[in-house]
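**Q** One structure coming up, written as structure tokens, with questions to follow.
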Amino acid sequence: MKYLRISVSSGLRTLAGPAIDWAWRQLLTAAGYGWREVSITDPCDIAYTTKTELPSKARIVILASPQYWQAPSAQRLAGLAVNDPYSALRYSGESFTPTLCTECDGRFQLERDIIFDLFWFLTGQEEKHWPQDVYGFYTLPKPWLAERVLEQAPASAIIEKFGALLKQAGYDEPLPRWPQGRRAAAAITHDVDYPEVVRWLEPLRIVQRQGLSGVGAAWQVLTGRRDHWAFPRWMELEANYGIRSAFYFVARQGSLLEYARGTPDPFYDVTAPRFRELFRTLIDGGWEVGMHASYLAYTSREQFAAEKQRLEKAASTAMMGNRHHYWHMNPANPDETLQMHADIGLLYDTSLTHDRYLGWRRGSTLPFYPFATQGAATCSGREIGVVQLPVAWMDAQLSRRTDLSQPQREAMVIALIDHVAAQRGLFVANVHDYVFDEVLFPGWLATLRAVLERITALGDFWVATPATIAAHWRQRYQRVLACSYGLEEGR
């Protein structure tokens with residue numbers, strides 16, 4: 001594997017060494033290059049430094065902004081750009097055009113601190129200023145919605161622009177990102193929230209959703225002619241497209257009373273014979289059984305671990321991946337919950353998204369290893385060794401919007417797929433287990449069908465289970481690290 005010689009100025013390392021090293025590791029491994037860290041005074045391919053420490057023997061110079069590293073969360077979106085307050089998102093035009101220094105042997109010099117920008121997006125610094133509701137869901141500022149920031153995936157845009165810069169500078173082709181020569185990847189996932197209907201309750205919910213037009217369907221559910229146990233139909237549909245998805249099950253059994261009191265865990269029992277048989281059927285067919293951590297699992301590492309063990313015993317398989325029910329991590333400190341994933345032995349998590357908004361919460365269409373900050377010392381944290389698979393779309397984000405037609409919903413999700421293809425990223429969809437029936441949930445399945453048709457039509461997506469994708473990313477990450485020196489964790 002080819003590698004790049006990287007130098008980081010000593011002043012920057014003193015200021016925010018762990019954070020800078022982590023950001024560089026995420027950037028270089030995603031771009032597909034190994035590295036050798038050298039002194040700022042040695043000849044190098046890339047120097048990350050300040051205007052007062054410009055090296056004389058660097059092919060590419062990226063100028064840092066030390067004032068940003070001193071207080072990352074204090075930097076708001078408008079403060080990151082010089083002229084255009086959203087140039088940090090677009091990474092086009094002057095915001096990412098390096099200058100060619102003819103007086104210094106044709107050196108490329110990038111005036112913008114893309115390493116800080118990548119850190120800022122991937123660690124969610126802006127989120128700390130947003131309001132949250134009782135579930136911990138964020139309300140995005142109007143400019144973020146107007147500019148469709150989440151749908152642009154600006155962190156991945158940084159990575160792609162960086163790769164283009166290396167190519168412009170004449171460096172060799174990087175390590176391929178995905179197997180089989182595929183351009184991008186995709187995974188379909190299902191939160192198993194309501195597989196067994198409460199027959200006296202669900203008819204009321206149907207009428208509430210559909211009005212009088214839903215009376216017939218409500219009666220069919222009440223009399224047992226319709227239900228939510230759609231697993232065989234999901235398997236048949238997905239097998240027709242040649243794919244296998246992941247189903248995330250909640251190990252903790254809730255109740256209606258708990259739901260009414262504010263703990264909305266599902267009501268089913270994963271140890272029941274019906275579920276044990278289902279687990280065997282899914283696993284034998286190549287589907288993934290994953291963990292859907294309960295609403296309050298994040299409050300106790302012991303409870304979190306116990307849920308994992310209970311589900312592993314019921315399914316007779318190790319739990320590799322997780323998604324939190326209601327996306328509910330610690331609202332005050334998501335990093336704490338992300339660290340728990342490592343503590344209980346998960347390979348990956350897929351919980352960093354927004355409940356109401358399309359797109360990528362941390363700005364990345366690519367898997368990444370999160371960075372856990374420590375108290376106020378934001379830049380002295382550590383990498384968390386659990387792959388984060390970012391979700392692009394959840395069914396309810398569009399299906400509950402009455403202002404959209406079905407063709408509009410489908411077009412919006414297809415646009416996300418095309419964006420992933422352009423960034424050579426990963427598209428993760430989240431569709432709930434109970435929405436398969438078009439009579440009970442009109443349009444919900446149709447949007448997923450449009451997704452599958454688009455991915456099939458593109459023809460160059462690697463579609464696999466999340467566990468398979470996460471294992472690939474971990475292996476690729478470790479391969480790059482094994483060929484590299486410097487930018488080390490915990491130095």
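**Q** Using only the alpha carbons, work out the radius of gyration and Dmax of region 352-491 in angstrom.
**A** Spelled out, the Cα radius of gyration and Dmax of region 352-491 are 18.0, 58 Å.
**Q** I've got another one for you. Arrange the following residues from fewest to most other Cβ atoms within 10 Å of their Cβ: 365, 373, 317.
**A** Details: 365 28, 373 22, 317 15.
Ranked by crowding around the Cβ, least crowded first: 317, 373, 365.
**Q** What does the charge add up to near residue 326, with Lys and Arg as +1, Asp and Glu as -1, over the other residues with Cβ less than 14 Å from its Cβ? Mind dumping the intermediate values first?
**A** Numbers: positive: 252, 323, 356; negative: 133, 191, 193, 258, 265, 355.
Neighbourhood net charge equals -3.
**Q** Give the relative contact order (percent, whole number) for region 399-491; include only Cα pairs under 8 Å separated by 6+ residues. Intermediate values should be presented prior to the final figure.
**A** Numbers: 31 pairs, mean separation 24.1, N = 93.
Worked out over region 399-491, it gives 26 percent.
**Q** Quick one: net charge of residue 224's neighbours, Cβ under 15 Å, K/R +1, D/E -1? Kindly include the intermediate steps, with their values, before the conclusion.
**A** Values: positive: 199, 225, 226; negative: 196, 202, 227, 437.
Net of charged neighbours comes to -1.
**Q** Can you pull the one-decimal nm distance between simple spin-label points at residue 168 and residue 422, each 7 Å off the Cα toward Cβ?
**A** Going from the residue 168 label point to the residue 422 one covers 1.8 nm.
**Q** How do 156, 255 rank when sorted from fewest to most other Cβ atoms within 10 Å of their own Cβ? All intermediate terms of the calculation are to be shown ahead of the outcome.
**A** Working: 156 28, 255 12.
Fewest-to-most ranking of 156, 255: 255, 156.
**Q** Below 24 Å, Cα to Cα, which lysines can residue 57 reach? Residues fewer than 8 away in the same chain don't count.
**A** 2, 161, 167
**Q** Right, something else. If you restrict to DSSP beta bridges whose two residues both lie in the chain, what percentage is antiparallel, to the nearest 5? Don't skip to the answer; put the middle values down first.
**A** Numbers: 8 of 49 bridges.
Counting DSSP beta bridges with both partners in the chain, the antiparallel share is about 15 percent.
**Q** With a cap of 13 neighbouring Cβ atoms within 10 Å, and only residues DSSP puts in a loop, list the trypsin sites (Lys or Arg not before Pro) found in region 374-460. Please list the in-between numbers first.
**A** Details: sites: 382, 400, 401, 409, 424, 449, 454; in loops: 400, 401, 424.
Passing sites in region 374-460 are 400, 401.
**Q** Moving on. Using the number of other C-beta atoms within 10 angstrom as an exposure proxy, rank 237, 145, 12 with the fewest first. It would help to have the intermediate numbers written out before the result.
**A** On the way: 237 18, 145 12, 12 23.
Neighbour counts put them in this order, fewest first: 145, 237, 12.
**Q** Please list, in chain and number order, the residues 5+ apart from residue 59 or on another chain whose amide H is under 5 Å from its amide H, with Hs placed from the backbone.
**A** It is 44, 45, 46, by chain and number.
**Q** Same structure again: Pull up the cross-link candidates among the lysines for residue 308, meaning alpha carbon to alpha carbon under 30 Å and not fewer than 8 places away within one chain.
**A** 128
**Q** Can you tell me the length gained on complete extension of the stretch residue 127 to residue 219, counting 0.36 nm per residue apart and subtracting the Cα distance? Mind dumping the intermediate values first?
**A** Working: separation 92, 0.36 × 92 = 33.12 nm, distance 4.43 nm.
Working it through step by step, the gained length comes to 28.7 nm.
**Q** Nearest-5 percent of antiparallel DSSP beta bridges in region 303-446? Don't jump to the answer; show the numbers that get you there.
**A** Values: 4 of 10 bridges.
Given both bridge residues lie in region 303-446, the antiparallel proportion sits at roughly 40 percent.
**Q** Among the aspartates and glutamates, which fall within straight-line cross-link reach of residue 142, defined as a Cα-Cα distance under 19 Å, with same-chain neighbours fewer than 8 residues apart omitted?
**A** 84, 126, 127, 133, 151, 355, 403
**Q** So what's the convex hull volume per residue for the Cα atoms of the chain, in Å³? Write down the numbers at each step before the final one.
**A** Working: hull volume 72.1 nm³, N = 491.
Given the Cα convex hull of the chain, per-residue volume reads 147 Å³.
No lab work stands behind these numbers, since they all come straight from the coordinates. Since the model is a prediction, treat every value here as computed from it, not as a measurement. Neighbour counts are summed over all protein chains in view; Cβ atoms, including those assigned to glycine, are modelled from backbone coordinates with ideal geometry.
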